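Peer 1: I'd like to ask some things about the structure below.
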Amino acid sequence: MYLINFVFLLVFVLVSVGFFTLLERKVLGYIQLRKGPNKVGYMGLLQPFSDGMKLFMKEQFFPMNSNYLIYMICPMLSLLQSLLLWILFPFYINCLDFKLGLVFFLCCSSLGVYGLMICGWSSNSLYSMLGCIRSVSQAISYEVSLSLILLCFFILIDSYNFMGFFLLKSSVWFMFISVPIFLSWISCCMAESNRTPFDFSEGESELVSGFNIEYGGGGFALLFISEYSSIIFLCLLTCLIFLYSNLSSYIFYIELIFICFLFIWVRGTLPRYRYDKLMYLAWKCYLPLSLNYLIIFIFVKTLCFYHFFL
């Protein structure tokens, strides 16, 4: 049953990535006063499948100076890392109940940077190497704030298990008790998943395509799927922690779609940051904010314990 469960989850994640790209192209089209995909199938609904077929059927090429084996394996490792995160999805039945789900999430999300780094290094191109150096520094910077923000809420629920948020159901929405930290969490998620306005590892305007410049066809498709599945998981995590977290309700999934839409909306409206401002934001703004909130939440938790035992 575990195997059947995970196969179904894998299929639905891959399908959702396809339709997320369709949603993104449609929304960006309307933001920029154009149509977006509308030819393949009814209103362009089959466009993701035709794009996937086109990418996987294209000829695979090998740059002359690249490290062939690592160059070929790296996209598969990136996809595996992003799909590993989905093990944490809180099922009703047949789930792997992680007592230390937070630790597993931090370990898996920190592995994501290795995929970008090895892709950039193995391509043996100046542009891809610059992209991977940027992505390493960016991911390390924002992971610190991301983990501290997560720790705040896990201290409140008194567990490291993601099912703790699900068990609260609709009794509390953490977004309303900490609006600033919710906004900084959204921003850190965008930086962690290399989304606009923090897409410096790709940097099309100055790095052509960044770390994935030498990839085409199937390799590019695998990198693309891994990036988008990580984005969808981070959106799901946002809903689980900050918003209504009852998985049996349609409201949860409507919230999930809205958070995904928010990522696209930001991409369509904001320009890319300057790199020094990105680092300033991580170390001088988000890190002090998350540390202060961590101290406040520990203080609140201590007061609650003190009141309870009295």
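The values are calculated or read from the model by the stated rules, or taken from the named source; none is laboratory data. Source: prediction; values computed, not measured. A quick note on method: Cβ atoms are made from the backbone with ideal geometry, for glycine too, and the neighbour counts reach across all protein chains shown.
Peer 1: Among the candidates 61, 56, single out the residue that is exposed (fewer than 15 other Cβ atoms within 10 Å of the Cβ), of a type outside the set (Gly, Ala, Ser), touching a Gly at 6+ places or on another chain (Cβ under 9 Å) and under 15 Å from residue 223 (Cα atoms).
Peer 2: Numbers: 61 fails: under 15 Å from residue 223 (Cα atoms).
Unique residue meeting the criteria: 56.
Peer 1: Further question on the same structure: For segment 121-166, how many residues are within 22 Å of the chain's Cα centre (by Cα) and of a type in the set (D, E, K, R)?
Peer 2: 2
Peer 1: Just to confirm my filter: which helices (runs of 4 or more DSSP H) fall fully inside segment 153-192 and include at least 1 residues that are modelled with pLDDT of 85 or more? Spell out how you get there, then give the answer.
Peer 2: On the way: elements: 163-168, 174-177, 179-192.
Filter on segment 153-192 gives 179-192.
Peer 1: Hey, another quick one. Among the residues of segment 23-53, which ones are of a type in the set (D, E, K, R) and exposed (fewer than 15 other Cβ atoms within 10 Å of the Cβ)?
Peer 2: 34, 35, 39
Peer 1: Being over 19 Å from residue 228 (Cβ atoms) and of a type outside the set (Val, Ile, Thr), is that true of even one residue in segment 75-88? Break it down into steps so the answer makes sense when it comes.
Peer 2: Within segment 75-88, the subset over 19 Å from residue 228 (Cβ atoms) is none.
No - not one qualifying residue is present in segment 75-88.
Peer 1: Also, I was wondering about something else. Identify, please: which residue in segment 1-18 is surrounded by 13 or more Cβ atoms within 10 Å (Cβ to Cβ) and of a type outside the set (A, V, I, L, M) and is, among those, modelled with the highest pLDDT? Don't jump to the end; show me each part of the working.
Peer 2: Narrowing segment 1-18 to residues surrounded by 13 or more Cβ atoms within 10 Å (Cβ to Cβ): 5-6, 9-10, 13-14, 16-18.
Subsequent filtering for residues that are of a type outside the set (A, V, I, L, M) retains 5-6, 16, 18.
On the way: 5: 77, 6: 78, 16: 90, 18: 87.
This residue is 16.
Peer 1: Give, as residue ranges, the helices (runs of 4 or more DSSP H) completely inside segment 207-282 that count at least 2 residues that are at pLDDT 85 or above and either surrounded by 21 or more Cβ atoms within 10 Å (Cβ to Cβ) or charged (D, E, K, R) (or both).
Peer 2: 218-242, 250-269
Here's the yes/no breakdown for (1) in a loop (DSSP other than H, G, I, E, B); (2) in contact with a helix residue (DSSP H, G or I) (Cβ under 8 Å, 6 or more places away or on another chain); (3) more than 26 Å from residue 247 (Cα to Cα):
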{"position": "22", "(1), (2), (3)": "no, yes, no"}
{"position": "27", "(1), (2), (3)": "no, yes, yes"}
{"position": "48", "(1), (2), (3)": "no, yes, yes"}
{"position": "64", "(1), (2), (3)": "yes, no, yes"}
{"position": "75", "(1), (2), (3)": "no, yes, yes"}
{"position": "99", "(1), (2), (3)": "yes, no, no"}
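Peer 1: Still on this structure, please answer the following. When residue 198 is evaluated against the numbered criteria (1) part of a helix (DSSP H, G or I); (2) crowded, with 18+ Cβ neighbours inside 10 Å, which criterion, by number, is the only one it fails?
Peer 2: Unmet for residue 198, out of (1) part of a helix (DSSP H, G or I); (2) crowded, with 18+ Cβ neighbours inside 10 Å: (1).
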